[in-house]
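Worksheet for the structure shown next.
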Amino acid sequence: TNAGGATSATSSQTATVTPGNSGPVTCDLSATPSTFAAQVSAATPGQTICLASGIYGSWSGASKSAPGITITAASGAAVTLPIGNSRSWSLGSIKNFTIDGTADGGTITVPAGQYSWTGSTVTALNVTIQNVVFAPNADLDISSPTNANMVFNHVSWNNSDCQTNEGIRLHLSYSNNRESGVTVENSEFIGGSADGIQTGDPMNIIDNLFENEYEGSETQCHTDAIQLFG
């Protein structure tokens, strides 16, 4: 379309455009903040829910049969998604689901706050969080996961302050000596004074970037990229 008007034409396909890092997506269900909980309940294994732009209320998680469900942002949508009902999930209530921030070309951001995934389990939870941005001072505390098959892939935890919330961007419990099943890979921990990862649990930390984390004037902090503790 230009000043002279509009016209259209059709050519043969020259390329397949792949949004984000996850490939083309079929939206089986669509949701807004007001319909989100109902659509999660209605989704059947293998389906994808695409979220419209907006600020979503705290979510208590979902337990679905394998292969689970995928939650993503609709094409071009900017989604704010707190990952915990009153900022706390029971590990037993989050089973077989994926949150993929860019699967359909939008974004998912976890807002600032301290989020706790509580309890312990010996059941594989099969949870994937990928292409999601944790806002500055959005901290995640995971308690006693066991063989959880929980993956954080292409996630950013940048510019967090050690004096806010827990002061640790990703924290696993100190006392669990069983294999957690938690993997963090291809992710970023850049800027700020908060610890990057602190864990007393066996876990996998693979191909991540830790950069420019330092105390600055906050001399009471013990700023570590990775701290193994307990």
Subset of segment 199-228, residues in a strand (DSSP E or B) and either farther than 20 Å from VAL132 by Cβ or modelled with pLDDT of 95 or more (or both), comes to ASN204, ILE205, ILE206, LEU209, PHE210, GLU211, ILE226, GLN227, LEU228
Of these, ALA148, ALA138, which one is within 20 Å of PRO82 (Cα to Cα), open to solvent by less than 10 Å² (accessible area, probe 1.4 Å), among the small types (Gly, Ala, Ser) and touching a residue at least 24 places away in the same chain (Cβ under 8 Å)?
ALA138
I'd like to know if segment 86-93 contains one or more residues that are open to solvent by less than 40 Å² (accessible area, probe 1.4 Å), in a loop (DSSP other than H, G, I, E, B) and either under 28 Å from THR26 (Cβ atoms) or not acidic (Asp, Glu) (or both).
no
Here is a list: THR102, THR80, THR44. Which entry is among the β-branched types (Val, Ile, Thr) and either at pLDDT below 95 or open to solvent by less than 10 Å² (accessible area, probe 1.4 Å) (or both)?
THR102
Given the conditions (1) within 17 Å of the chain's Cα centre (by Cα); (2) in a loop (DSSP other than H, G, I, E, B), and given that THR164 satisfies all but one, which numbered condition is not satisfied?
(1)
Looking only at segment 56-74, how many residues end up being hydroxyl-bearing (Ser, Thr, Tyr), touching a strand residue (DSSP E or B) at 6+ places or on another chain (Cβ under 8 Å) and open to solvent by 10 Å² or more (accessible area, probe 1.4 Å)?
4
Scan of segment 115-135 for residues that are in contact (Cβ under 8 Å) with a residue 60 or more places away in the chain and part of a loop (DSSP other than H, G, I, E, B), ordered by number:
ASN126, ASN131
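The values are calculated or read from the model by the stated rules, or taken from the named source; none is laboratory data. This one's a predicted model, so the numbers in the text were calculated from it and none came from an experiment. Counting neighbours? That spans all protein chains shown, and the Cβs are built from the backbone with ideal geometry, glycine included. Keep in mind that these areas ignore ligands, DNA and RNA; they rest on the heavy atoms of the full protein, side chains included. Shrake-Rupley method; radii C 1.70, N 1.55, O 1.52, S 1.80 Å.
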